[in-house]
Protein chains: 2
Amino acid sequence: MPSVLDRTMLALADPTRRAILQRLAAGEARVTELARPFPISLNSVSKHIRMLERAQLVRRRRAGREHLLSLDPAPLDAAAAWLEAQRSFWNARLDALERELRREPEEDGP
Amino acid sequence: MPSVLDRTMLALADPTRRAILQRLAAGEARVTELARPFPISLNSVSKHIRMLERAQLVRRRRAGREHLLSLDPAPLDAAAAWLEAQRSFWNARLDALERELRREPEEDGP
């Protein structure tokens, strides 16, 4: 079973889906509005949106006959946190390496 | 053609691949070493590693008969930057919304 983080990363692995999320970061939108800038069918855009809904990145509400979509940024925070953790782990390792390199000449020094 | 960012996100959409990257953030490792903690075949781990190499997240160097793998964190920075951009865009929108809400009562006030 894919985790929320797995689904989030998979959802972000496509330029159309990333562009949809970018648009929704600016506010709620209808499906037809979202589809307009893309040179693909409305059906293809709908599939991307369903994938974003399964990843819990997009919420849908009905207002009469309209389907309004909005961003749920919470899973993006978890993805950012994972990346940030790797980065600080990696930087800590580089700092340790640098300290190691600075120490060595001293041992040969006066 | 998938972009570097597409490949990075796809590479991160799997818990085994994320764990391999986490291990490599601590330093270079041999394939057999990397495979040890996982309850899957060496062949499956090798496939995950090849995918990480295609995403340019992992580099391989040969030392005699050994294959040594190391992390290349540059694509992670690009992924983190994308997420950070969405977050600041989203936060700017929330701030604007808050200012809007604060302004409204004043209009009805004294």
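Within region A:15-58, the only residue that satisfies the criterion of being touching a Pro at 6+ places or on another chain (Cβ under 7 Å) and under 16 Å from B:TRP90 (Cα atoms) is A:LEU57. Selection of first residues in region B:79-94 that are more than 7 Å from chain A (Cβ to nearest Cβ) and of second residues that are among the polar types (S, T, N, Q) and assigned to a helix (DSSP H, G or I), restricted to Cβ pairs under 9 Å at least 6 apart or on distinct chains, gives the following pairs, ordered by first then second residue: B:ALA85/A:GLN22.
For region B:12-44, name all the residues that are part of a helix (DSSP H, G or I), more than 14 Å from chain A (Cβ to nearest Cβ) and among the hydroxyl-bearing types (Ser, Thr, Tyr).
If the condition is that a residue be part of a helix (DSSP H, G or I), more than 14 Å from chain A (Cβ to nearest Cβ) and among the hydroxyl-bearing types (Ser, Thr, Tyr), then B:THR32, B:SER44 are the ones that fit.
Among the residues of region A:1-51, just one is open to solvent by less than 10 Å² (accessible area, probe 1.4 Å) and among the polar types (S, T, N, Q), namely A:THR8. Can you confirm whether B:LEU69 is in a strand (DSSP E or B) and either within 14 Å of chain A (Cβ to nearest Cβ) or at pLDDT 90 or above (or both)? For B:LEU69, the condition - in a strand (DSSP E or B) and either within 14 Å of chain A (Cβ to nearest Cβ) or at pLDDT 90 or above (or both) - is met. Of the residues B:ARG102, B:ARG18, the single one that is touching a Phe, Trp or Tyr at 6+ places or on another chain (Cβ under 8 Å) and either of a type in the set (Lys, Arg) or within 30 Å of A:ALA25 (Cβ to Cβ) (or both) is B:ARG18. Between A:ARG62, A:ARG54, the distinction of being over 22 Å from B:ASP77 (Cα atoms), in contact (Cβ under 8 Å) with a residue 24 or more places away in the chain, open to solvent by 80 Å² or more (accessible area, probe 1.4 Å) and away from every other protein chain (no Cβ under 11 Å) belongs to A:ARG54 only.
The values are calculated or read from the model by the stated rules, or taken from the named source; none is laboratory data. Note that the structure is a prediction, hence the values are computed from the model and not measured. Note that we place each Cβ from the backbone using ideal geometry, even for glycine, and neighbour counts take in every protein chain shown. For the accessible areas, the whole protein counts, side chains as well, though only heavy atoms, and no ligand, DNA or RNA atoms are used. Shrake-Rupley method; radii C 1.70, N 1.55, O 1.52, S 1.80 Å.
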